[in-house]
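Here's the structure, in structure tokens; my notes come after.
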Amino acid sequence: MAKALLGLGSNLGTREETLRAAIAAIEALPDVRVARASEFYTSRPLGGPPGQGDFLNAAAAIETKTPPLRLLDELQDIESRQGRKPAKRWAPRTLDIDLLLYDDEVMETPMLTLPHPRMTFRRFVLQPAAEVAPRMLHPVIGWPVERFLLHLDAASDQVAIVSPSENYRGHFAELIAERFGARPIDRPSFATADQLWPSQLTLWLEIDKRSAGGTSVSSKPAGLPYAAAAFPKLTILLDAESNLPNVAKSQWSAVVRRPGRGPTLRLQATEAATFQAEVAAAVEAVWPDLGPANANRLE
């Protein structure tokens, strides 16, 4: 049987009751066994309209014979039965069930992307996921689930913006600096910096949490040795046409596919407003103290 990891969330109605009913419905699916379900965790909503209630989040590690796309259909049917209605992205919802990992499957279809493209930097996903499947590997980045959560706790408060477009790098560095109190810094000097974050393609920012009401104390747990502490907490990969004559498409593809980078948001060609909303939501997910209570939302 395949091993899969699910993330669940609810911020409408009787949230705890809804999550418990959803886990029971997943257990009742043919060819599915819930190996472990997490405790429930509270998180503030990201993106979307203001005034939403907090989410209650959970995770479930399952074993299944059901292929990914059919499993997705079955999970969406459970969402519907629990009262979820079609709505805009990031709108309030009765129930959300995400298929995060399915063995070592890597796929990208209009219906499903595996691994889930935003799971590696969302603390509200990683906390319950690390409880039920700490050693399950992300097949692209090569890290176990528990390491992503450790990284958000122990790594430096930095963002690396990587793109073949100088305009994209500059624009989104400016956006993060303006909204989240970040400042440009020099490229770090650790050994793998140029392999994972090529200097000609990367801008580095440091988040100053004091400017948004957070704490300036390092979040690295005292006495905990962590080899990747110098890595950024978040890498943002922005696909674009290169305006650097010596950066070919094949070189950019090699950068994107290189494992070991840690929590990563990759954005492919889309509208600029969508890029902006995605980047802002990713930063809020990594640094919840910089979220909607402390930063103006994008229109």
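The values are calculated or read from the model by the stated rules, or taken from the named source; none is laboratory data. Worth saying up front: this structure is predicted, and the values here are computed from it rather than measured. A quick note on method: Cβ atoms are made from the backbone with ideal geometry, for glycine too, and the neighbour counts reach across all protein chains shown.
Could you check how many residues of segment 192-220 are hydroxyl-bearing (Ser, Thr, Tyr) and either at pLDDT 90 or above or more than 16 Å from Ala155 (Cα to Cα) (or both)? Spell out the reasoning first.
We begin by selecting, within segment 192-220, every residue hydroxyl-bearing (Ser, Thr, Tyr); these are 192, 199, 202, 211, 215-216, 218-219.
Add one more test, that the residue is either at pLDDT 90 or above or more than 16 Å from Ala155 (Cα to Cα) (or both), and what stays is 199, 202, 211.
Residues in segment 192-220 being hydroxyl-bearing (Ser, Thr, Tyr) and either at pLDDT 90 or above or more than 16 Å from Ala155 (Cα to Cα) (or both): 3 in total.
Considering only segment 83-115, state which residues are within 18 Å of Ser10 (Cα to Cα), in a loop (DSSP other than H, G, I, E, B) and within 18 Å of the chain's Cα centre (by Cα). Can you show your working first?
To start, the set of residues in segment 83-115 that are within 18 Å of Ser10 (Cα to Cα) comprises 83-100.
Keeping just the survivors that are in a loop (DSSP other than H, G, I, E, B) gives 83-95.
Answer for segment 83-115, where residues must be within 18 Å of Ser10 (Cα to Cα), in a loop (DSSP other than H, G, I, E, B) and within 18 Å of the chain's Cα centre (by Cα): Arg89, Trp90, Ala91.
For the structure I just gave you, tell me whether Leu8 is in contact with a Gly (Cβ under 8 Å, 6 or more places away or on another chain), surrounded by 13 or more Cβ atoms within 10 Å (Cβ to Cβ) and either among the aliphatic types (A, V, I, L, M) or more than 17 Å from Arg123 (Cα to Cα) (or both).
No, not satisfied.
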- Listed by first then second residue, the pairs whose first member lies in segment 72-84 and is in contact (Cβ under 8 Å) with a residue 12 or more places away in the chain, whose partner is outside any helix (DSSP H, G or I) and surrounded by fewer than 13 Cβ atoms within 10 Å (Cβ to Cβ), with beta carbons under 7 Å and at least 6 positions apart or on separate chains, are Leu72/Met111
- Breaking point among (1) in contact with a Gly (Cβ under 7 Å, 6 or more places away or on another chain); (2) crowded, with 22+ Cβ neighbours inside 10 Å, for Thr94: (2)
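Please enumerate the residues belonging to segment 54-70 that are part of a loop (DSSP other than H, G, I, E, B) and closer than 16 Å to Leu8 by Cα. Even if it seems obvious, please write down each step before you answer.
Narrowing segment 54-70 to residues part of a loop (DSSP other than H, G, I, E, B): 54, 65-67.
Answer for segment 54-70, where residues must be part of a loop (DSSP other than H, G, I, E, B) and closer than 16 Å to Leu8 by Cα: just Asp54.
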- Given the conditions (1) touching a residue at least 40 places away in the same chain (Cβ under 8 Å); (2) within 21 Å of Ala37 (Cβ to Cβ); (3) among the charged types (D, E, K, R), report the number of the one that Arg169 does not fulfil. (2)
- Query: What's the number of the condition Ser80 fails, among (1) at pLDDT below 95; (2) over 15 Å from the mean Cα position of the chain (by Cα); (3) part of a loop (DSSP other than H, G, I, E, B)?
  - Reply: (3)
- Listed residues Leu137, Leu112; which is under 18 Å from Leu71 (Cα atoms) and either surrounded by fewer than 22 Cβ atoms within 10 Å (Cβ to Cβ) or free of Cβ contacts under 8 Å to residues at least 24 places away in the same chain (or both)? Leu112
- Residues that are farther than 22 Å from Val286 by Cβ and either outside any loop (DSSP other than H, G, I, E, B) or touching a helix residue (DSSP H, G or I) at 6+ places or on another chain (Cβ under 8 Å) (or both), drawn from segment 32-52: Val32, Arg33, Val34, Ala35, Arg36, Ala37
- Scanning segment 152-169 residue by residue, the ones that are in contact with a strand residue (DSSP E or B) (Cβ under 7 Å, 6 or more places away or on another chain) and part of a helix (DSSP H, G or I) total 3
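Residue by residue, here is whether (1) of a type in the set (S, T, N, Q); (2) touching a residue at least 60 places away in the same chain (Cβ under 8 Å); (3) surrounded by fewer than 19 Cβ atoms within 10 Å (Cβ to Cβ) holds:
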{"site": "Lys3", "(1), (2), (3)": "no, yes, yes"}
{"site": "Arg15", "(1), (2), (3)": "no, no, no"}
{"site": "Ala28", "(1), (2), (3)": "no, no, yes"}
{"site": "Asp31", "(1), (2), (3)": "no, no, yes"}
{"site": "Ser38", "(1), (2), (3)": "yes, yes, no"}
{"site": "Leu46", "(1), (2), (3)": "no, yes, no"}
